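The structure under discussion appears below in the form of structure tokens.
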Amino acid sequence: MELKIINYQDTRSGFGAGLLEAGKRNDKVVALCADLVGSLKMDAFVKEFPERFFQMGISEAQMIGMAAGLTIGGYIPFTGTFANFSTGRVYDQIRQSVAYSGKNVKICASHAGLTLGEDGATHQMLEDVGMMKMLPGMTVIVPCDYNQTKAATLAVAEHQGLVYLRFGRPKVPNFTPEDHPFIIGKADVLIEGTDISIFANGHMVWKAYEAVLRLREEGVGAELVNVHTVKPLDEEAILRSARKTACVLTAEEHQMNGGLGESIASLLAQKQPLPMEFVAVKDLFGQSGTPDELLDAYGLGVDDIVKAAKRALKRKA
């Protein structure tokens, strides 16, 4: 199956559209933002439901605490700010006030990863997935494009439990069909193959698809799986694909330590050891640059995925 680009849109706009629709479907959905309404694309929700929106200013810790309190009244709070503020700045509040007591808070994080671009290392959060997935009971979701982010936001609103939803700033290929169902914890097999399994999420799914096409030209049949939910991991789908190809590669816009690749490596070490390669940031901070420049500089470009796939295939042979 070929993937077709519908248009180019940023995933944060998918979140904004999903939040508005969730608010229309359920009057218990409320939104809180730490002074970044425009950046999080929450404007439409604010305009439609001003009585259900709370502007917290640059007070992220207070925002998380207030969100936890709102759940006691039966509300479904969505908090919004940049990924580095959504996690690093408020880890204590998330751990103590949300995760420990199992509150139904939806932590929504934009501007994640290297593709934040010119803002540089201080804002390019590359550790957030690891931080969040280690919290007991936390669901971690990293959708790949506009349509999937919108669908994920709607699914998150209906899900009972704490969620970390990660998305980004740049416009990227939007290729997920608008009517494609989003099921939390269920990976999507986008391209079937028999030689190597490529597991990716977020912006790296399209990069991985481009690599699949390149590999196909060289006679390699790569299977591409969009693992949009890092936790809970779809172990059944991952093991089924890995057992079919006997060779695995992961691609993510995150530190190699603590990310999707680490979760899959842990699963395979326990149930299906086999050759595996990682395309991720290797224990480095980011820097300023355009999204594509940074992906290439940190080894997350299409060429890097192709080379990593060949290394894994060589070990398989």
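Every read-out reported here was derived from the displayed coordinates using simple, explicitly stated rules and does not represent laboratory data. Since the structure is predicted, the reported quantities are computational estimates derived from the model, not experimental observations. Note: ideal-geometry Cβ built from the backbone for every residue, glycine included; neighbour counts use all protein chains shown.
Could you tell me the center-to-center distance, by alpha carbons, between segment 12-36 and segment 214-241 in angstrom? If you average the Cα positions of each part, the centres end up 31 Å apart. For the chain, the relative contact order is 18 percent, taking Cα pairs closer than 8 Å that sit 6 or more residues apart in sequence and dividing their mean separation by the residue count. P(r) of segment 1-105 in 10 Å steps, Cα pairs, percent per bin? Taking every Cα pair in segment 1-105, the percentages come to 15, 44, 29, 8, 3. Taking the inverse of the mean reciprocal distance over all distinct Cα pairs, the Kirkwood hydrodynamic radius of segment 102-170 comes to 12.7 Å. A Stokes-Einstein calculation at 4 °C with viscosity 1.567 mPa s, built on the Kirkwood radius of segment 9-173 over Cα pairs, returns a diffusion coefficient of 85 µm²/s. The modelled label-to-label distance between GLU192 and GLN96, using points 7 Å beyond Cα along the C-beta direction, is 5.2 nm. Sorted into 20 angstrom bins from 0, the C-alpha pair distances of the chain split as 36, 56, 8, 0 percent.
Please report how far the C-alpha centroid of segment 90-117 lies from that of segment 268-317, rounded to the nearest whole angstrom. For segment 90-117 versus segment 268-317, the Cα centre distance is 26 Å.
Rg and Dmax, both from the Cα atoms of segment 188-316 and both in Å, are 13.5, 40. With the simple model of a label 7 Å out from the Cα in the direction of the Cβ, GLU235 to LYS271 spans 0.5 nm.
Taking the Cα atoms only, what angle lies between the long axis of helix 60-72 and the longest principal axis of the chain, rounded to 10 degrees? Helix 60-72 and the main axis of the chain meet at about 80 degrees. The peptide list 87-97, 103-113, 46-56, put in order of mean Cβ contacts within 10 Å with the highest first, becomes 103-113, 87-97, 46-56.
Length gained on full extension, LEU284 to ARG243, computed as 0.36 nm times the residue gap minus the Cα-Cα distance: 11.5 nm. Counting other Cβ atoms within 10 Å of each Cβ, which trypsin sites (Lys or Arg not before Pro) in segment 220-317 have at most 15 and sit in a DSSP loop? Sites meeting the loop and neighbour criteria: LYS282.
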